[in-house]
1. Which residue pairs have Cβ atoms under 6 Å apart, sit 6 or more places apart or on different chains, and have a first residue in region 99-110 that is hydroxyl-bearing (S, T, Y) and a second that is modelled with pLDDT under 90 and surrounded by fewer than 24 Cβ atoms within 10 Å (Cβ to Cβ)?
2. Take the conditions within 24 Å of T163 (Cα to Cα), in contact with a strand residue (DSSP E or B) (Cβ under 7 Å, 6 or more places away or on another chain) and either at pLDDT 90 or above or open to solvent by 10 Å² or more (accessible area, probe 1.4 Å) (or both) and apply them to V281. Does it pass?
3. For region 437-459, check the following and say yes or no: at least one residue is within 23 Å of I282 (Cα to Cα), among the polar types (S, T, N, Q) and within 18 Å of the chain's Cα centre (by Cα).
4. Output the number of residues of region 476-496 satisfying the condition of being open to solvent by less than 50 Å² (accessible area, probe 1.4 Å) and more than 28 Å from the chain's Cα centre (by Cα).
5. Residues to consider are E317, E309; find the one that is more than 15 Å from D97 (Cα to Cα), assigned to a strand (DSSP E or B) and open to solvent by 10 Å² or more (accessible area, probe 1.4 Å).
6. Would you say Y442 is open to solvent by less than 40 Å² (accessible area, probe 1.4 Å) and in a helix (DSSP H, G or I)?
7. So, in region 459-475, how many residues would count as being closer than 13 Å to S389 by Cβ and either open to solvent by 20 Å² or more (accessible area, probe 1.4 Å) or assigned to a strand (DSSP E or B) (or both)?
Amino acid sequence: MKRFAGSVVRRIPSVSTRWSSRCHQLRNSNVWLEHRRQLHQSRLLLSAEKVVKPVFIPFLSPPEDEDHDYENYRRATAKDIAPLSELPTRTKMLVRDFIDNSLYNPNYGYFSKQAVIFSPEKDFEFSQMRDHLHFMNLIAKKYKEIEGDVDEVDEVARQVWHTPTELFKPWYGYAIAKYLVTEYKLNLYPNKDLIIFEMGAGNGTLMLNILDYIQKYEPSVYKRTRYNIIEISQKLAERQYQRHDVRDAQHRHHCVEIINKSIFDWDVDVEDDCFFVGMEVIDNFAHDLIRYDTETMQPFQALVSVDDEGNYSEIYEPVGSDPLIARYLALRKSTMYRTPVLNHHLLQRIINMFPFSPNLSAPEFIPTKLLLLLETLNKRFPKHRLVLSDFSSLPNAIEGVDAPVVQTRYKGSMVPCSTYMVQPGWFDIFFPTNWELLRDMYLSICRGSRAGNDKAVKVLTHKDFCQRYGEIERTKTQSGENPMLMYYENVKMLLT
């Protein structure tokens, strides 16, 4: 017998929307949140019409404060909320819309105001370093200087983060450029131009490094190169213009176009052969959250509801009302992938025999916005070649399969969180990617073939790619250690 009817509510109080700049309070809040989360996961989700009733545990159970009016809340999307200056109350939305709004809302989103990308003014001279620890100390010193400059402007959490593009410039960018030129000359040169689209270009460093390489080492190809940046953040788009314009006239690249637009709003058909590049971008693509009925294995999709006081709750409803989630699960099923959440089905049947057993599985985060990217590439860039890179795993993630890391920074210290339901705009939320599953889904959507049938679509580790295309002697220290090969072991690439 099913233990819930209709929607299911699991109350997890958020960091209040009235949260002030005193970020040190977050540490105590997170301990309390973690206690509440663990307590609620140990309780039975029993239905009573609309809301699941928890088991009462004397002295431990918090007061029953569920909002029974959540079904009357307005259902919204991230696009609906984009014009607003704060997250509205008495609202509910899919988890991906909540995360998307937290990161990209133009008025208060994380990438609209908080993100600062670490980019040293001078390139590192690896041949002058003793070993990788010497390199780490130099990074820490420069990081402290940047954070000090940031804190002078705004002492509230403004996170500084780094990428291999910035740490190993220009050599990492040169490796990407060498791959692009090699594939271009093998398949398109000299009949067609080298057209590059980069999604989410950050400071614009990769663009400059790629074009510098082509201009210096492949002048005949450079004459036929066109570089386009698709950037959702107005702040970063302005930064990219600035980085390019401050160069001397003889070092400027006149083949660059910067388009301040989300790739998910792209409505122009690009019929040319092109390369589509996304480096360290897809980890911030919003995910949806699903759980499974422990008896029937029916999937349920999560929504976040915001009550009158600005507190958040997870609400569950059967999958089906949202076509993107339904498409993702159907496509994933066709790849023969089986979620780890359902690996212990027989054990779960035994657990179900006990009283007060949970009726929903552990959480699983699914990359629905990443699916939307693949569909956009297939529709709008039908002749593309793809270069993607990002995390394959992450330490200190919140609970769940393919769950994100949620963190912010306060006065040089990282403040980790145990839930994604935090104050929008103040926290970075980033996910790992299952690259082998992504490869199979890409094949199905963009190549019309089954898993493993196209050897040109491959997954490489960061180290393998750099060894194949990078000038690794340039990033070797005096001890023989090579930071560009040693670091980012949890990063993979998809090349098509």
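1. That search, which allows pairs on different chains as well, returns Y104/F111; Y108/G425; Y110/G425.
2. Details: within 24 Å of T163 (Cα to Cα): yes; in contact with a strand residue (DSSP E or B) (Cβ under 7 Å, 6 or more places away or on another chain): yes; either at pLDDT 90 or above or open to solvent by 10 Å² or more (accessible area, probe 1.4 Å) (or both): yes.
For V281, the condition - within 24 Å of T163 (Cα to Cα), in contact with a strand residue (DSSP E or B) (Cβ under 7 Å, 6 or more places away or on another chain) and either at pLDDT 90 or above or open to solvent by 10 Å² or more (accessible area, probe 1.4 Å) (or both) - is met.
3. Checking region 437-459: not a single residue is within 23 Å of I282 (Cα to Cα), among the polar types (S, T, N, Q) and within 18 Å of the chain's Cα centre (by Cα).
4. 2
5. On the way: E309 fails: assigned to a strand (DSSP E or B).
The conditions single out E317.
6. Working: open to solvent by less than 40 Å² (accessible area, probe 1.4 Å): yes; in a helix (DSSP H, G or I): yes.
Yes.
7. Within region 459-475, residues that are closer than 13 Å to S389 by Cβ and either open to solvent by 20 Å² or more (accessible area, probe 1.4 Å) or assigned to a strand (DSSP E or B) (or both) number 6.
Yes or no, residue by residue, for (1) of a type in the set (F, W, Y); (2) more than 27 Å from L394 (Cα to Cα); (3) at pLDDT 95 or above:
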residue: G452; (1), (2), (3): no, no, no
residue: Q467; (1), (2), (3): no, no, yes
residue: E473; (1), (2), (3): no, yes, yes
residue: K476; (1), (2), (3): no, no, yes
residue: E481; (1), (2), (3): no, no, yes
residue: L485; (1), (2), (3): no, no, yes
residue: M493; (1), (2), (3): no, no, yes
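The values are calculated or read from the model by the stated rules, or taken from the named source; none is laboratory data. Quick caveat, the model's predicted, so the values are computed rather than measured. All Cβ positions, even for glycine, are placed from backbone atoms using ideal geometry, and neighbour counts span all protein chains on display. The accessibility values were calculated without ligands, DNA or RNA, using every heavy atom of the protein model including side chains. Shrake-Rupley method; radii C 1.70, N 1.55, O 1.52, S 1.80 Å.
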